[in-house]
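A.B. asks: Before we start, here is the structure in question, set down as structure tokens.
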Amino acid sequence: MSYQNSNINKFKKQAKRLKKAYTSGDTDARVRAQKILPDKLTLTHADFLFIIAREQGHQSWPKFKFALETLGMSKEQKADRLRSAIYLGHSWIIEKLLTESPDLASYDFGLQIATYDIKSVKNILAETPNLATKAINGRLPLHHLCFSHYIHVAPEKTDRMLELAQLLLDKGADLNHGMSPDLNSSENNEHTLSPLYGALGHANNMVLAECLLKQGANPDDNESLYHATELGHHQGLELLVKYKANPKGTNALPRALDFKDLTAAQLLLDHGADPNEVAKEHPSEYPVDTIPALHQAARRQCGSDIAKLLLKYGADANYVWQGHSPYALALIHGNIDFADTLSKAGHAHSLTPNEEVLASCYKGPPKSKITGELEGEDRLLITKLITEPDRLDHVKSLVAAGLDVNQTDTMGLSPLHSACWAGLPDQVSYLLEFDPDLEQLNDFGGNALYTALHGASNCPERKQRDHISCVRLLLESGADFDLQNIQNIGSESMAQFLESWLDDHPTAMN
């Protein structure tokens, strides 16, 4: 056993002893717990790990454990971990590594750039100017800068970041040269990610994005406008349309409607988005949701305000997509206000027998079942609706109507994967009743557990959802556990839960 593992186990045993003493009513244990968690009456195993960590001078168990782990890491291993954390945006890991080893930021040229060490970069480029255009660990220097999340750890270094961007450009860095999403593949891959996308869509770094646009970065890079709709604010969209980004062919409008975002939809429509466009396939070769805006809004539970906006901009309410008009699709998805708005605008019509059955499921168990084989969109209804927090009864009615509760979508995501990503434990609990394959992989390479862990760090609604309960349900149902899941998780609270679970279930780990 390595020294760091031995040390970690020592403190885990301390937590177990404290828990046992606390449970038995030991006065000293009660005082220790009260001092750290004065307002908590019922303590879990994770709480005792937390108490031990705080007594050792650390803010949380994951941070304490990480400090113990780094004791046995080589400098190269620490640098690799820092590089990954900066790219993925794992702020607590960045802060911990640099607090304990400040010199890590100077480990190599790529990290000096990613942490805005303008003095070191200037000195290196003064001696070897062509390094500004040479790849480091698979990425060009400008990529190291633009894909870095360090701005959110050290916003006071904004001026250094901007000076560094200008320095790299002055030394010949290509403002629009993209990098492959897969560092193991050729840079000539047709699907590449531009520096602008790195700053705006990946790192949510609006200051750097504006700097690049001012310098002439191409706003039409097949990525930035689409992902600007996912940021939870409109600064990115406003920047891009200011610099004449063209919404056509980007699928940005349907993506904005995923979030029921009236402001984003208005911005895109005002700057040329076509509500009737069916977008082309994405150069990444992943299928995109090629759907006219009115249909997208109908099935994404958008309100009547968005329905009126799209109609105002010429959305075709009579277009049939996947066998349905927007009106029928709104009823099938239980979007009653949207359907009423279309009806009042003169766009209602009679439904087919199967549309009637599907539409009735919103109100309760259907009186009849689907006849024949469902196709396309209808087969995926459960996967689409399972991510809506208030639609579990609707999903149950669809199952009663004959829909397959394990049907995967075009990216191999099952309803269980979708519910796990969305952090909805009630939905996960229901789906587990059907004995799904917990190790089935989607096209992103993740099983249900990995998808839940990824959602805990990346789902836009993660602050309002409960990914920990979803992971607990999966583990209790026998999902395979891999220690790597802890090492790569960006959510500190999830990391603490997984540590606690592993401590209580040592045989569950792969």
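The values are calculated or read from the model by the stated rules, or taken from the named source; none is laboratory data. Treat the numbers as computed from the prediction; the structure is a model and nothing was measured. Reconstructed Cβ throughout: ideal geometry from the backbone, glycine too, with neighbour counts over all protein chains shown.
A.B. asks: Within segment 351-393, restricting attention to residues that are of a type in the set (A, V, I, L, M, F, W, C) and part of a helix (DSSP H, G or I), which residue is farthest from P425 (Cα to Cα)?
C.D. replies: This residue is V357.
A.B. asks: Looking at A21, is it more than 21 Å from H505 (Cα to Cα) and surrounded by 12 or more Cβ atoms within 10 Å (Cβ to Cβ)?
C.D. replies: Answer is no for this residue.
A.B. asks: Scan segment 123-135 and tell me whether some residue there is among the β-branched types (V, I, T) and surrounded by fewer than 15 Cβ atoms within 10 Å (Cβ to Cβ).
C.D. replies: There is at least one residue in segment 123-135 that is among the β-branched types (V, I, T) and surrounded by fewer than 15 Cβ atoms within 10 Å (Cβ to Cβ).
A.B. asks: Could you grab the pairs with beta carbons closer than 8 Å, sequence gap of 6+ or different chains, first residue in segment 287-316 and of a type in the set (S, T, Y), second one at pLDDT below 95?
C.D. replies: T290/N251; T290/V278; T290/A279; T290/K280; T290/E281
A.B. asks: Any residue that is aliphatic (A, V, I, L, M) and free of Cβ contacts under 8 Å to residues at least 24 places away in the same chain - is there at least one of those in segment 326-349?
C.D. replies: The answer is yes; a qualifying residue exists.
Table: residues versus (1) touching a helix residue (DSSP H, G or I) at 6+ places or on another chain (Cβ under 7 Å); (2) without any contact (Cβ under 8 Å) to a residue 12 or more places away in the chain; (3) not hydroxyl-bearing (S, T, Y).
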site: F50; (1), (2), (3): yes, no, yes
site: P62; (1), (2), (3): yes, no, yes
site: L68; (1), (2), (3): yes, no, yes
site: A79; (1), (2), (3): yes, no, yes
site: Y87; (1), (2), (3): no, no, no
site: S91; (1), (2), (3): yes, no, no
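A.B. asks: Please work out which residue is surrounded by the fewest Cβ atoms within 10 Å (Cβ to Cβ), limiting yourself to segment 65-81 and to residues that are modelled with pLDDT under 85 and part of a helix (DSSP H, G or I).
C.D. replies: Step by step, filter segment 65-81, then rank; the result is L71.
A.B. asks: Where in segment 402-501 are there helices (runs of 4 or more DSSP H), lying wholly inside it, with at least 2 residues that are of a type in the set (A, V, I, L, M) and surrounded by 15 or more Cβ atoms within 10 Å (Cβ to Cβ)?
C.D. replies: Once the helices (runs of 4 or more DSSP H) in segment 402-501 are filtered for at least 2 residues that are of a type in the set (A, V, I, L, M) and surrounded by 15 or more Cβ atoms within 10 Å (Cβ to Cβ), what remains is 415-422, 425-432, 448-458, 467-476.
A.B. asks: Inspect all residues belonging to segment 328-342 and state whether any of them is over 31 Å from the mean Cα position of the chain (by Cα) and not aliphatic (A, V, I, L, M).
C.D. replies: yes
A.B. asks: Return yes when L441 is within 17 Å of S469 (Cα to Cα) and out of contact with any Phe, Trp or Tyr (no Cβ under 6 Å at 6 or more places or on another chain) and no when it is not.
C.D. replies: So L441 does not fit the description; no.
A.B. asks: Quick check on segment 335-350. Is at least one of its residues crowded, with 21+ Cβ neighbours inside 10 Å and in a loop (DSSP other than H, G, I, E, B)?
C.D. replies: For segment 335-350, residues crowded, with 21+ Cβ neighbours inside 10 Å and in a loop (DSSP other than H, G, I, E, B): present.
A.B. asks: Here's something else I'd like to know. Would you mind telling me which numbered condition in (1) surrounded by fewer than 18 Cβ atoms within 10 Å (Cβ to Cβ); (2) in contact with a helix residue (DSSP H, G or I) (Cβ under 8 Å, 6 or more places away or on another chain); (3) closer than 24 Å to A456 by Cβ D108 fails?
C.D. replies: For D108, the exception is condition (3).
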